[in-house]
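Everything below concerns the one structure shown next.
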Amino acid sequence: MVAFRDPNGIRPLVLGKRDIDENRTEYMVASESVALDTLGFDFLRDVAPGEAIYITEEGQLFTRQCADNPVSNPCLFEYVYFARPDSFIDKISVYSARVNMGTKLGRENCPRMGRSGYRRGDPDPGNLV
């Protein structure tokens, strides 16, 4: 299996593992940490921007940085809409990111709106904030 995270770190990628027995280990890559949890894999780490992961049929794991100047520019929509709230992206809790964005939005906009407050409904995952 080959997995690669784009050199700009726009989309997340995580690596996990689970031991089958004392001599064998399975690896898994996914876009969200919660996918690892659901299938019984332990989170190992976030795959770095520009990094390639290669897992042989025998279960050997190889990694390599393939980008000369990788950067981390994650897509905001991952935190707002795409990812599950119980997931982590680049060590940041999606739930906490949504709460913090909602708090910041409220602090910036509520003074202009007066004491009446500010309410807005968005599509499902956005309702958290």
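Below is a table of values for the structure above.
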item	result
Assigned charges on the beta-carbon of Lys, Arg, Asp, Glu; the chain dipole about Cα centre (debye)	1060
Pairwise label distance in nanometres, M1 with Y54, each label 7 Å out on the Cα-Cβ vector	1.7
Net charge of Cβ neighbours under 11 Å - reference T38; Lys, Arg +1; Asp, Glu -1	-2
The range 1-64 - charge dipole about Cα centre, Lys and Arg +1 at Cβ, Asp and Glu -1, debye rounded to 20	280
Length-normalised contact order for the range 2-65 - Cα pairs under 8 Å, 6+ apart - percent	38
Simple spin-label estimate for C110 and L61 in nanometres, 7 Å along Cα-Cβ	4.3
Principal axis box of the chain, alpha-carbon based, largest edge first, Å	63, 35, 19
For the chain: relative contact order, % (alpha-carbon pairs under 8 angstrom, 6 or more apart)	24
Spatial separation of Cα centroids for the range 85-101 and the range 1-66, in angstrom	20
Rounded if a/c under 1.5, otherwise prolate or oblate - the range 6-71, Cα gyration tensor axes	oblate
Net charge, R5 excluded, C-beta distance under 11 Å - Lys, Arg +1, Asp, Glu -1	-3
Angle in degrees between helix 94-113 and the longest Cα principal axis of the chain, rounded to the nearest 10	20
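No value in this document is a laboratory result; all are computed from the given coordinates. This is a predicted model, so every value here is computed, not measured. Heads up, the Cβs are rebuilt from the backbone with ideal geometry, glycines too, and the neighbour counts pull from every protein chain shown.
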